[in-house]
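Q: I am attaching a structure below and will ask some questions about it afterwards.
Only the coordinates and a few stated rules stand behind these numbers; no lab work does. Quantities reported herein were computed from a predicted structural model and do not represent experimental measurements. In this analysis, Cβ positions are derived from the backbone assuming ideal geometry, glycine residues included, and neighbour counts consider all displayed protein chains.
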Amino acid sequence: MAGQLIQVNTATVTVATPSVTLTGIDSDDVYMFTISGAKCSENDRYGYLRVTEGGTENSSANYDKANKTLRAATTFANDSGTNATFWDRISSLEGEFLTSGVTSNAIMYLYNMNSTTEYAFMTHEGVTYDTTYGVIGAQGGGVFTSSGTARDGVKFFWNSGNVTAGTFTLYRVV
């Protein structure tokens, strides 16, 4: 049956850790990476994502992205960039969320990850609640502009601080 999700890997964070890495991508299928209830040890943080090759993150300057941030209580924002060492604003926790118990959630679809001849790319959407701006939604996408090696997973981390909570899951879409 088309459209099924097969869980490939999952991690639930209950103790502070610098990052979460999930591997297991081994086919040309589309993969979905989800973030549920993510928290950070610091206020005002953005979630970053890197691809892994052979289980090791690739931090080369091959990440291009474009995002739209929709904020309920203020103007929208556009963000784009090329040749970064990660995809950013995958998820966000803005404002003084540490005292409010706010968490961040996101869904990403990963394409061409197992290919050695095609660029990998992703689309994402996330939502959180900001103590200043209210509900914030972020949508966007990115391209990993390097080929030659199959990507086998993803690494999530905040731009500063530790991941202190959340469930991170990688699915294969069949």
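Q: Find the Cα radius of gyration of the range 87-174, compare it with 2.2 N^0.38 Å by division, and give the number to two decimals. Write out the running numbers ahead of the final one.
A: Details: Rg = 15.0 Å, N = 88, 2.2 N^0.38 = 12.1 Å.
Compactness ratio reported: 1.24.
Q: Place a +1 charge on the Cβ of each Lys and Arg in the chain and a -1 charge on the Cβ of each Asp and Glu, then give the dipole magnitude about the Cα centre in debye, rounded to the nearest 20. Please list the in-between numbers first.
A: Working: 10 positive and 16 negative charges, 35 e Å.
In debye, rounded to 20, the chain gives about 160.
Q: Residues of the range 150-174 with the amide nitrogen closer than 12 Å to a label point 7 Å from the Cα of SER41, along Cα-to-Cβ, please.
A: Flagged as within label range: 158, 160-165.
Q: Can I ask one more? Cα centroid distance between the range 106-158 and the range 57-80, in Å?
A: Going from one Cα centre to the other spans 10 Å.
Q: Turning to a different aspect of this structure: Placing +1 on the Cβ of each Lys and Arg and -1 on the Cβ of each Asp and Glu in the range 5-173, which of TYR31, ALA72, GLN7 has its Cα farthest towards the positive end of the resulting dipole?
A: ALA72
Q: Relative contact order for the range 1-149: what percent, with Cα pairs under 8 Å and sequence separation of 6 or more? Working shown, then result.
A: Details: 332 pairs, mean separation 38.5, N = 149.
Across the range 1-149, relative contact order equals 26 percent.
Q: For the pair ALA84/THR123, report the inter-label distance in nm, with labels modelled 7 Å from Cα in the Cβ direction.
A: 1.9 nm
Q: Please work out the Cα convex hull volume for the range 5-173 and give it in Å³ per residue.
A: Working: hull volume 15.5 nm³, N = 169.
About 92 Å³ per residue, rounded to a whole number.
Q: Starting from the 7 Å offset along Cα-to-Cβ, what nm value, one decimal, do you get for the label separation of VAL174 and THR10?
A: Placing both labels 7 Å beyond Cα along the Cβ direction yields 1.7 nm.
Q: Starting from the amide H of THR103, placed 1.01 Å from N in the peptide plane, find each other amide H under 5 Å away whose residue is 5 or more places distant or on another chain.
A: TYR129
Q: Could you rank the peptides 15-27, 153-165 by their average count of other C-beta atoms within 10 Å per residue, with the highest value first? Could you put the intermediate results ahead of the total?
A: Working: 15-27: 15.6, 153-165: 20.2.
Those peptides, ordered most packed to least, come out 153-165, 15-27.
Q: With unit charges on the beta carbons (Lys and Arg positive, Asp and Glu negative) and the dipole taken about the Cα centre of the chain, which residue among GLY140, ALA84, THR117 sits farthest to the positive side?
A: Toward the positive end, the furthest listed residue is GLY140.
Q: Using the basic label-point model (7 angstrom from Cα toward the beta carbon), what is the THR167 to ALA66 distance in nanometres?
A: Each label point lies 7 Å from its Cα, and together they span 3.4 nm.
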